[in-house]
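Colleague: Mind looking over this structure? Questions follow.
Readers should treat all values here as calculations from the given coordinates under stated rules, not as data from a laboratory. Just so it is clear, the model here is predicted, and its values are computed rather than measured. Note that each Cβ is placed from the backbone with ideal geometry, even for glycine, and that neighbours are counted across all protein chains shown.
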Amino acid sequence: MARSNVVQFPTAQKIEHYQSTQQAADFLNVSQPYLDELLSKGEIPFRRVGAESLVVVKIKDVIGYKKQEDQAQELGMGYE
């Protein structure tokens, strides 16, 4: 059986779906360093998990960021 790359963490009310920063960078079609910059600026929320402080992001936050960027591009905001 194939294993999923989605990390799940139980919360009080539901299961949150997370992905690695590399998966998020691939989805957004950006480099890992650029995604790290977005995370450090607070553009996309993230959390650290485990003893090695693995950085993960919620899939819904990555999708929300992509929708926001796509809308800004359609409206010509910030682009010349």
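Colleague: At 7 Å along Cα-to-Cβ for each site, give me the label-to-label distance between Q32 and K60 in nm.
Modeller: The answer from the label model is 2.8 nm.
Colleague: Separate question: What is the spin-label model distance, in nm, from R48 to Q68 if the labels are put 7 Å beyond Cα along the C-beta direction?
Modeller: The two pseudo-label positions are separated by 2.3 nm.
Colleague: May I ask you to evaluate 6.51 cos²θ - 1.76 cosθ + 1.60, the Karplus curve with θ = phi - 60°, for each residue of region 32-39 and list the ³J(HN,Hα) values in order in whole Hz, giving x for glycine and proline?
Modeller: Values per residue, Gly and Pro as x: 4, x, 5, 5, 4, 5, 4, 5 Hz.
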